[in-house]
Amino acid sequence: MSELLDARAATLLPDGEPLRRHDAAVFDLRRRRDAAVAALPDFEALRTHAQAIKTHTLDYLDAYLERFESQAAAAGAVVHWAEDGAAHNDIVHGLLRERGVRRVVKSKSMLTEECGLNPYLEARDLEVVDTDLGERIVQLGQELPSHIVVPAVHRSRAEIGELFHVHMQTPSGESDPVRLTEYARRDLRPRFLAAEAGITGVNFAIAETGTIVVCTNEGNADLGMSLPPLHIASMGIEKVIPTLADLATFLRLLARSATGQPITAYTSLVTGPRAGGELHIVLVDNGRSRLLANSTHRSSLACIRCGACLNTCPVYRRAGGHAYGQAVAGPIGAVLAPALSSQAEGRRLPLASTLCGSCSAVCPVRIDLHGQLLAWRRTRAHAGAGERVLQRAAAVVLGRAALLRAAGALVRLCWPLLARRWPGNPLGVWLLGRQLPAHPGASFATRYRRLKGSKR
Amino acid sequence: MSARDGVLARVRRAARHEVSHPGAFEPARMDSGWERFASTLHAVGGEPVGPVQSGDLSWALSELCADAGRVVMGPGVAQSLGPGPWEELPEGVSPQSLADVAVALLRGSIGVAENGAVALDGRHAPVRALPYLCERLILLLETSEIVPDMHQAIARMPPDATRFHHFYWISGPSKTADIEQTLVLGAHGPRSLAVVGIRDLQ
Ligand code: SF4
């Protein structure tokens, strides 16, 4: 495990101000969620209902996908299927190339992040502009989003001002969010008007009507899909829901769980292309059908990407999204990575959790996130040899009280050495930005005995 | 095998076809009056106006649009208004030609008390980009069309709503909080949104 920690420690949020700001910002979202939930008597029943719809949908996903495909096609959309991220990128690029498109505006889509679409298109001489403000910020900073709802939450206003200054020639030192947002608006508006294609994600796809539903607060997705003649919508196959009526349940949960809003500012239902335009919908598998076949883990496909589990997670709040090294961070990222990520280290993410269960308590579709994390730990087939030895040793020590006492004594003895910086310290990287807490001096059992003795 | 057949075959093998759909949700009873709608709309950054009698609408809108620049009104609004500082949405125009619109005046339908959203049917916004290009959006809403929650709102959508390629739920103006969680109105779309309640349209 230590290699994972070493490699990732560098991507952790630094201690001090950046950490405090990040923690406060995401926990503020959690508090807003709580207030919205408290104001809605239906909320817990809605969660149960949403979970039931998702369980049913996943159980009949083949039928709903076919229904969605035929309804969308009947409305004039062209439906494409992609086995994986590479196939998705290829389809999108093909559509753009055939039409001679050079300039593309894109709204937030975790799927295209998962597929690495931007670098793929840029390498082929296309100009791709992310239009969600947070996404635009991370695009200018050439990094991954660190949060699925607020992609640039790890950045300070001063850093954002500096990025804008470098890339958009805004006044140096500007850090007022209102003015920075206005600069971004003015920079992006002409790009919207000149774009030849718009790429969006999909929040929900309605099988009954062949409709795609896109939820945003900025209205950027709407400009992107209503100005250029070509609209490409990318979605994972798990985004399908059965009926229009089911949509109400998810709309009531999504924004409340994400930001505490009763609904996003814009909820756009799009069925087929607009007059004179084209709509292409790309359905992407990329590991999802495999996950569906896994009876322990299929429920993680129910995720509606609200971000609530990130906002409440003590590990995410402390570490920041980049520490996960995935397009999707936080508890749901750690649950999905072992199944969907191509990188070996994704499979280790379930280890980076306290299993406190806060994520499961807020998830609007009642995914048993901490249970999922625990289950991945059990089925993890890729533990390194060194790690296996450590795990076995731990099992022996934890299984014998005398050994555990001895090990505790040893650790207390070594504590001052561990807490100090020196070249051979196994905790070395962790001490770069933080300190080990003082230890209590004696084991819990010893202190308990003392306490009982003094009471008598 | 095509990608489609490959994906579907795997999904078919994995789908168990066991758990049935839970049926309709039974929402808790909530109020659906203009007051509740208006207070929710206010909370999401929108401006509730009125409700006004249809006879006073022209006057109320003239007030709202005074000195605004280019005001364009969509279908379904014109017949209830006399002349004023507005033009009718020209037919067959490109969305790009509406980039300078200051105010879009559109006929909304169905208001949702629980979240302040108003439905904008594609027929009332034939140029799909108009409600996002304008600086200020004004939606007209009959107060009798307010429902308590999203379930009833969606049940009220006209049966052919999804055939008309776009149907919007709009709750408040465009907003972002992407810079240090500071709420800023007018990220891309309208900086302000007013919903004018009408007691007796037509
Ligand atoms: S797992 Fe649940 S809480 Fe986390 S993002 Fe998905 S839906 Fe939201």
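Here A:D176 fulfils each of the conditions (1) over 19 Å from A:H322 (Cβ atoms); (2) within 16 Å of the ligand (Cβ to nearest atom) apart from (2). Checking each residue in the range A:310-337 for being within 15 Å of the ligand (Cβ to nearest atom) and of a type in the set (K, R) picks out only A:R317. Against the list (1) more than 16 Å from the ligand (Cβ to nearest atom); (2) farther than 28 Å from A:L223 by Cα; (3) touching a helix residue (DSSP H, G or I) at 6+ places or on another chain (Cβ under 6 Å), the condition A:R290 fails is (3). Identification of helices (runs of 4 or more DSSP H) wholly contained in the range A:45-127 with 1 or more residues that are within 26 Å of the chain's Cα centre (by Cα) and farther than 19 Å from A:I237 by Cβ yields A:85-98, A:117-122. The residues of the range A:250-278 that are in contact with a His (Cβ under 6 Å, 6 or more places away or on another chain) and farther than 17 Å from A:V240 by Cα amount to a single one, A:R274.
With respect to A:L398, determine if the residue is at pLDDT 85 or above and of a type in the set (A, V, I, L, M, F, W, C). The answer is yes for A:L398.
The single condition among (1) assigned to a loop (DSSP other than H, G, I, E, B); (2) within 21 Å of the chain's Cα centre (by Cα) that B:A24 does not meet is (2). Scanning the range B:27-45 for residues that are assigned to a loop (DSSP other than H, G, I, E, B), out of contact with any strand residue (DSSP E or B) (no Cβ under 9 Å at 6 or more places or on another chain) and hydrophobic (A, V, I, L, M, F, W, C) returns B:A28, B:M30. It is to be established whether one or more residues within the range A:172-183 are surrounded by fewer than 20 Cβ atoms within 10 Å (Cβ to Cβ), assigned to a loop (DSSP other than H, G, I, E, B), under 19 Å from the mean Cα position of the chain (by Cα) and modelled with pLDDT under 90. Within the range A:172-183 (the criterion being surrounded by fewer than 20 Cβ atoms within 10 Å (Cβ to Cβ), assigned to a loop (DSSP other than H, G, I, E, B), under 19 Å from the mean Cα position of the chain (by Cα) and modelled with pLDDT under 90), the answer is no, since none of the residues qualifies. The combined condition, being within 16 Å of the ligand (Cβ to nearest atom) and touching a His at 6+ places or on another chain (Cβ under 6 Å), is not fulfilled by A:L340.
The rows are residues; the columns are (1) among the polar types (S, T, N, Q); (2) open to solvent by less than 10 Å² (accessible area, probe 1.4 Å); (3) touching a Leu at 6+ places or on another chain (Cβ under 8 Å).
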{"site": "B:A104", "(1), (2), (3)": "no, yes, yes"}
{"site": "B:L133", "(1), (2), (3)": "no, yes, yes"}
{"site": "B:R156", "(1), (2), (3)": "no, no, no"}
{"site": "B:G186", "(1), (2), (3)": "no, yes, no"}
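Annotation note: Cβ proximity below 7 Å between a residue of the range B:15-40 that is within 7 Å of chain A (Cβ to nearest Cβ) and touching a residue at least 40 places away in the same chain (Cβ under 8 Å) and a residue that is part of a loop (DSSP other than H, G, I, E, B) and of a type outside the set (D, E) (sequence gap 6+ or interchain) occurs for B:T40/A:P262; B:T40/B:A113; B:T40/B:N115; B:T40/B:G116. Just checking, does the range A:376-394 include any residue being within 16 Å of the ligand (Cβ to nearest atom) and open to solvent by less than 70 Å² (accessible area, probe 1.4 Å)? Yes, there is a match, as at least one residue in the range A:376-394 is within 16 Å of the ligand (Cβ to nearest atom) and open to solvent by less than 70 Å² (accessible area, probe 1.4 Å).
The values are calculated or read from the model by the stated rules, or taken from the named source; none is laboratory data. What you see is a predicted model; the values in this text were computed from it and never measured. Note that each Cβ is placed from the backbone with ideal geometry, even for glycine, and that neighbours are counted across all protein chains shown. Calculation scope for accessible area: heavy atoms of the full protein, side chains included, ligands and nucleic acids excluded. Shrake-Rupley method; radii C 1.70, N 1.55, O 1.52, S 1.80 Å.
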